[in-house]
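Input: a single structure, listed below in C-alpha cells.
The values are calculated or read from the model by the stated rules, or taken from the named source; none is laboratory data. The structure presented is a predicted model; accordingly, all values stated were derived computationally and were not measured. Methodologically, a virtual Cβ is constructed for each residue, glycine included, from the backbone with ideal geometry; neighbour enumeration extends over all protein chains shown.
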Amino acid sequence: MGDDSPTVAVLGTGIMGAAIAGALLRRGLGVRAWNRTRAKAEPLAEQGAIVADSPAAAAAGADVVLTVLYDAGAVLSAMTDKDGAIAGMAPRSVWIQASTVGVAGTAQLAKAATQHDTSFVDAPVLGTRQPAERGQLVVLASGPPELEERCAPVFDAMGNWRWLGPAGAGSRLKLVVNSWVLAVTGAVAEAVALARGLDLDPQLFLDTIAGSQVDTPYAQLKGGAMIHEEFSPSFTLRSAHKDAQLVLEAAAAAGVDTVVADAVARQFGRGLELGHGEEDMAATYRALVPDGSR
C-alpha cells in the first residue's frame, strides 16, 4: 500500500460510511464504494468514487477494505459471503473494521479474518456525520503493530487516531466512551423534559450550565436539538439503542453493574416503540413527554 494515496474499499455507505468516504476522497485517496442498496452509494460517484456491485468487486484493487456497517452480522456477511470482500482482497490488503459491534462481535470478526488469512484492524470511531464529513473523527485503532504504518494514511484522512494495542482494545474503549455519551444524551433529554414539566423554558437549563464545569458541547448540541425538535439524523436512535445493548452485554460479561446504562437503554427502547428509530438519537426526548410533544 502506498503511503501517499492508498485506495480504500468502503463497505457500507449509510450516514457514517458515506461521510467517511467523502472525507477520504477529499484527501486524495481512491475510493471504491459498495452498499447493499446501491442507490445509497451512487452519489459518491459524483465525487470520484467507483461504485461496485458487490463487496468482492469493491475490494478488488483496494489496499484497504473499510467496513462501516450496522452490526457484526452485516459485516461478516459483507466480508465472507460468496461475493464477499475477502474473495477480492489482495494478499497485502488490510481489513479495517470501523463498525461498532461490541466485544463479542469484534472477536467473531477477528476470528473470521484469521480463518481467511486476512490482516485485521479493529478501529471503531467516535463522532457522527458532521465530524465524519470534515475528517474530524477520533479513530480508536488496535491490531498488529506492523499494520499501524500501513493504516496511517487512511486514519489521517478520517481525523485524529490512537493505536491502542492488540485488536479488540479499540472496541472495548468505544463501549466505555459510548456508555458516557449515551448517558449524557439521556440525562439531557430528562432535564429538558423536566424543565418543561415545571413550566420553565428549557433553554434556561442550557444557558445556566453554559461555560460552567458541568457543561459539555454535547449537552448543548443535543439539548438544542431537543428544545427545537430538530431530529434530522446524524446518528439514529435505532443505532444508539443497538450500541446501548452492546454496552450492557459487555458490562454483564465483565461483572460490572450498570444502573445508568440500564435506564438509558430502556429510555431509548421506548423511543423506538414510539416510532422514532430513524430520527436522531436526540429524539429519545420524545419518550419522556406526553404524546411525544412539547
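Tabulated values for the structure
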{"read-out": "Qualifying residue in the stretch 153-163 (condition: of a type outside the set (A, V, I, L, M), on the phi < 0 side of the Ramachandran plot and in contact (Cβ under 8 Å) with a residue 60 or more places away in the chain)", "value": "yes"}
{"read-out": "Condition met for Leu44 (assigned by TED's automatic domain parsing to the domain that holds Asp156, surrounded by 24 or more Cβ atoms within 10 Å (Cβ to Cβ) and under 19 Å from Ile15 (Cβ atoms))", "value": "no"}
{"read-out": "Any pair with Cβ under 7 angstrom, 6 or more apart, that starts in the stretch 82-94 at a residue that is assigned by TED's automatic domain parsing to the domain that holds Glu149 and ends at one that is in a loop (DSSP other than H, G, I, E, B) and aliphatic (A, V, I, L, M)", "value": "Gly88/Ala60; Arg92/Met1; Ser93/Ala62"}
{"read-out": "Residues of the stretch 128-159 that turn out to be touching a helix residue (DSSP H, G or I) at 6+ places or on another chain (Cβ under 9 Å) and assigned to a loop (DSSP other than H, G, I, E, B), as a count", "value": "5"}
{"read-out": "Answer from Arg150, Arg129 - the residue that is assigned by TED's automatic domain parsing to the domain that holds Ala62 and closer than 28 Å to Gln220 by Cβ", "value": "Arg129"}
{"read-out": "First in the stretch 209-224 and under 16 Å from Ala183 (Cβ atoms) and in the same structural domain as Val184 (by TED's automatic domain parsing), second anywhere and at pLDDT 95 or above and among the hydroxyl-bearing types (Ser, Thr, Tyr), Cβ under 7 Å, 6 or more apart", "value": "Lys222/Thr185"}
{"read-out": "Options Ala195, Ala253, Ala189, Ala263; residue that is surrounded by 17 or more Cβ atoms within 10 Å (Cβ to Cβ) and touching a residue at least 24 places away in the same chain (Cβ under 8 Å)", "value": "Ala189"}
{"read-out": "Qualifying residue in the stretch 29-48 (condition: within 19 Å of the chain's Cα centre (by Cα) and at positive phi)", "value": "no"}
